[in-house]
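K.L.:
This is the structure I have questions about; it appears just below.
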Amino acid sequence: MLTAGLDIGSVSTNAVLLANGKLIASVILPSGYNHQETAERAWQMILQQGQASAAQLKTIVATGYGRYNVPFASKQISEISCIAKGARHWFPDVRTVIDVGGQDSKVIKLDSEGYVADFVMNDKCAAGTGRFIEVMAQALQLEVSALEQEDLLAASGAQISSICTVFAESEVISLIGQGVARPKIVKGLHQAVASRVGSLAKRLKLEEPLLVTGGVAKNQGVVVALAAELGLKLLVPEEPQLVGALGAALIAAQE
């Protein structure tokens with residue numbers, strides 16, 4: 001049995017194809033301006049990778065910010081449920097998931113059966129999201145992918161106190177003007193993100209094992225800073241951006 005899940009985020013579109021619950025194809029694309037067009041492209045790519053045809057699939061579940069822009073989907077399901085499902089599949093004992101995406105961050109608490117028990121979400125402010133990191137990288141004239149390596153070069157981070165992205169960017173520019181080393185600023189930014197996400201997470205009673213998902217989880221500088229902020233060990237999937245799409249495909253299989 002073939003099932004598919006598409007996670008249409010504000011920054012990336014992630015799709016997976018499962019055969020009897022086993023991952024046989026996946027793709028991660030920039031969402032771009034036209035989410036519907038990107039979803040169609042991701043869909044065609046996983047069909048090609050999996051050597052499958054659309055007629056072979058009975059159920060396709062769409063999730064994420066742009067889930068209603070997938071006209072060929074059988075149904076649309078909240079990313080909270082899909083992330084929980086995907087996380088539990090890869091890490092059967094997980095009890096808390098921290099998902100840091102492009103435009104929002106969320107913390108999901110699971111019960112002993114893997115169902116969503118509670119969650120909190122920040123979708124009103126860019127602080128503690130991938131967008132915050134992207135803006136700061138631009139101010140530092142760095143690619144986002146280069147931040148992790150810069151972080152490793154600093155023993156401590158510069159203080160970034162502003163919560164607002166605009167004011168934080170001004171702080172970064174000021175630090176540059178003062179001659180503060182770029183690695184020190186980068187580590188400070190990672191610590192600032194960890195502080196924002198940590199404050200959100202602490203609104204729930206966190207339980208381990210604790211998993212970090214979303215594109216920001218690819219940056220070990222942020223993961224290390226967040227682990228220090230929470231005082232807990234954090235797990236990261238091999239491909240943290242696919243967790244929501246995987247969960248969507250698994251729910252499709254249940255349908």
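K.L.:
Given the criteria under 26 Å from Asn219 (Cβ atoms), surrounded by 14 or more Cβ atoms within 10 Å (Cβ to Cβ) and among the aliphatic types (A, V, I, L, M), does Val120 qualify?
P.N.:
yes
K.L.:
Okay, moving on. Of all residues in segment 181-190, which are more than 13 Å from Ala139 (Cβ to Cβ) and either touching a strand residue (DSSP E or B) at 6+ places or on another chain (Cβ under 8 Å) or surrounded by fewer than 24 Cβ atoms within 10 Å (Cβ to Cβ) (or both)?
P.N.:
Ala181, Pro183, Lys184
K.L.:
For Ala137, only one of the following conditions fails: (1) closer than 22 Å to Ser12 by Cβ; (2) buried (at least 22 other Cβ atoms within 10 Å of the Cβ). What is its number?
P.N.:
(2)
K.L.:
Same structure again: I'm checking my understanding of the structure. Among residues of segment 144-172 that are in contact with a helix residue (DSSP H, G or I) (Cβ under 7 Å, 6 or more places away or on another chain) and among the charged types (D, E, K, R), which one is surrounded by the most Cβ atoms within 10 Å (Cβ to Cβ)?
P.N.:
Restricting to residues being in contact with a helix residue (DSSP H, G or I) (Cβ under 7 Å, 6 or more places away or on another chain) and among the charged types (D, E, K, R), the top hit is Asp151.
K.L.:
Identify all residues within segment 204-255 that are of a type in the set (Lys, Arg) and more than 26 Å from Ala154 (Cα to Cα); write none if there are none.
P.N.:
Here is the first cut: in segment 204-255, the residues of a type in the set (Lys, Arg) are 205, 218, 233.
Listed by number, the list holds a single entry, Lys205.
K.L.:
Output the number of the condition that Gly114 fails; it satisfies all remaining conditions of (1) at positive phi; (2) under 14 Å from the mean Cα position of the chain (by Cα).
P.N.:
The number of the failed condition is (2).
K.L.:
Could you list, ordered by first residue, the pairs with Cβ atoms under 7 Å in which the first is in segment 173-200 and in the same structural domain as Ala139 (by TED's automatic domain parsing) and the second is crowded, with 22+ Cβ neighbours inside 10 Å and among the aromatic types (Phe, Trp, Tyr), at least 6 apart or interchain?
P.N.:
As it stands, the answer is Val193/Phe132, since those pairs meet every condition given.
K.L.:
Here's another thing I want to ask about it. Restricting the search to segment 92-113, which residues are crowded, with 17+ Cβ neighbours inside 10 Å and over 17 Å from Leu200 (Cα atoms)?
P.N.:
Val94, the sole residue that qualifies.
K.L.:
Which numbered condition trips up Ala127, out of (1) outside the structural domain of Leu250 (by TED's automatic domain parsing); (2) within 14 Å of Val212 (Cβ to Cβ)?
P.N.:
Failing condition for Ala127: (2).
K.L.:
Would you please name the residue that is nearest to the chain's Cα centre (by Cα), looking only at residues in segment 125-165 that are under 25 Å from Lys202 (Cα atoms) and β-branched (Val, Ile, Thr)?
P.N.:
Thr129
K.L.:
Additional query: Mind checking which residues of segment 96-110 are in a strand (DSSP E or B) and under 13 Å from the mean Cα position of the chain (by Cα)? Before you say what the answer is, go through the steps one by one.
P.N.:
At the first step, the residues of segment 96-110 found to be in a strand (DSSP E or B) are 96-100, 105-110.
Hits for segment 96-110 are Val97, Ile98, Asp99, Val100, Ser105, Lys106, Val107, Ile108.
The values are calculated or read from the model by the stated rules, or taken from the named source; none is laboratory data. All of these numbers come straight from a predicted model, not from anything done at the bench. Because the Cβ atoms are built from the backbone with ideal geometry, glycine has one as well, and the counts that use them run over all protein chains shown.
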